[in-house]
Structures are given as structure tokens and as C-alpha cells.
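Below is one structure, written out as C-alpha cells; comments come after it.
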Amino acid sequence: MDSLYAEDILDHYKNPRNFGQLDDPDIRVEANNPLCGDRLSMDLRVKDGVVEDVRFTGRGCAISQASASMLTEQMVGATLTELAGTTRQDILDNLGVPISYARMKCALLSLGLLRQALAEAGVPISQQAEEDE
């Protein structure tokens, strides 16, 4: 079963969904992982509290890039309030393979971007997501 998830991770890494930048985004956030050098940025277009479009750019390992690609697929059409409930476990479930302690920051870099975007929009993360920390 892990090999199916590993193939999915490689597919998202080689063919990232929602990759690129938006012209005039409502929200633009950036983050990096100084331990390994992974970098991500995310642009969102939001209307009436709903993510109309999202794009990400970055470079780094397959885990960080695939995690961002998978997350952006879930973001389009979701409300910011719904996204405020996104937990670490949700991200790890998307990846579907055990993530070592050393790779955890890579896997969760996109979650950090989402939380930055929510903060810029004035949307607090949910109690469930806070307890997940």
C-alpha cells in the first residue's frame, strides 16, 4: 500500500497541481525550512470567504512539493473557515506514508503557509487544529 502512496507523491512532485503564481492575489505568503532549504510560496484569490483560486511555487524535496500540491487541490472551492480546521494529521493522511521526524517539517511546510494565509485573512485556526499542534 505504501508504494501506491509513494507513486502518488512522486506524481504530485513531477506534475504539481496548481503550480505557478496568480496575478494580483488577495493573499501571498512565503515560508522556508532552514534545515533543508525547502521553500514555498502560495497565492490565494478569495471571494466572500471562499478560495476561488490558489497557486504555489517552490523548490525542495518531493515531500514538501507533493504536500503543497495535494493541499492546494483541497483548497479550491473551500471556505477559509473550513480550511481553518486543517490539521497536521490531515496533511500526513494526504501523503499516506510514514514521515520520519527529520522530514516532518518538509511535510508540514504547506500547512504553515495555509495558517499564515488564514492569519492574513483574519480567520483563526479552529480549536481542533490548535490542539493538533
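A few points about this structure:
- Only one entry of Leu10, Leu22, Leu44, Leu40 meets the criterion of being aliphatic (A, V, I, L, M) and either more than 19 Å from Leu109 (Cβ to Cβ) or part of a loop (DSSP other than H, G, I, E, B) (or both), and that entry is Leu22.
- Restricting Leu80, Leu71, Leu40 to residues that are among the hydrophobic types (A, V, I, L, M, F, W, C), within 21 Å of Glu130 (Cα to Cα) and in contact with a Gly (Cβ under 7 Å, 6 or more places away or on another chain) narrows the list to Leu80.
- Among the residues of the range 28-58, the ones that are aliphatic (A, V, I, L, M), over 14 Å from the mean Cα position of the chain (by Cα) and modelled with pLDDT of 95 or more come to 2 in all.
- Residue list for the range 97-124, filter: within 18 Å of Arg28 (Cα to Cα) and either in contact with a Ser or Thr (Cβ under 7 Å, 6 or more places away or on another chain) or not in a helix (DSSP H, G or I) (or both): Leu109, Ser110, Leu111, Leu114, Gly122, Val123, Pro124
- Residues within the range 79-131 that are in contact with a strand residue (DSSP E or B) (Cβ under 8 Å, 6 or more places away or on another chain), without any contact (Cβ under 8 Å) to a residue 60 or more places away in the chain and more than 19 Å from Ala66 (Cβ to Cβ), tallied: 2
The values are calculated or read from the model by the stated rules, or taken from the named source; none is laboratory data. Model, not experiment: these values are computed from the prediction. Heads up, the Cβs are rebuilt from the backbone with ideal geometry, glycines too, and the neighbour counts pull from every protein chain shown.
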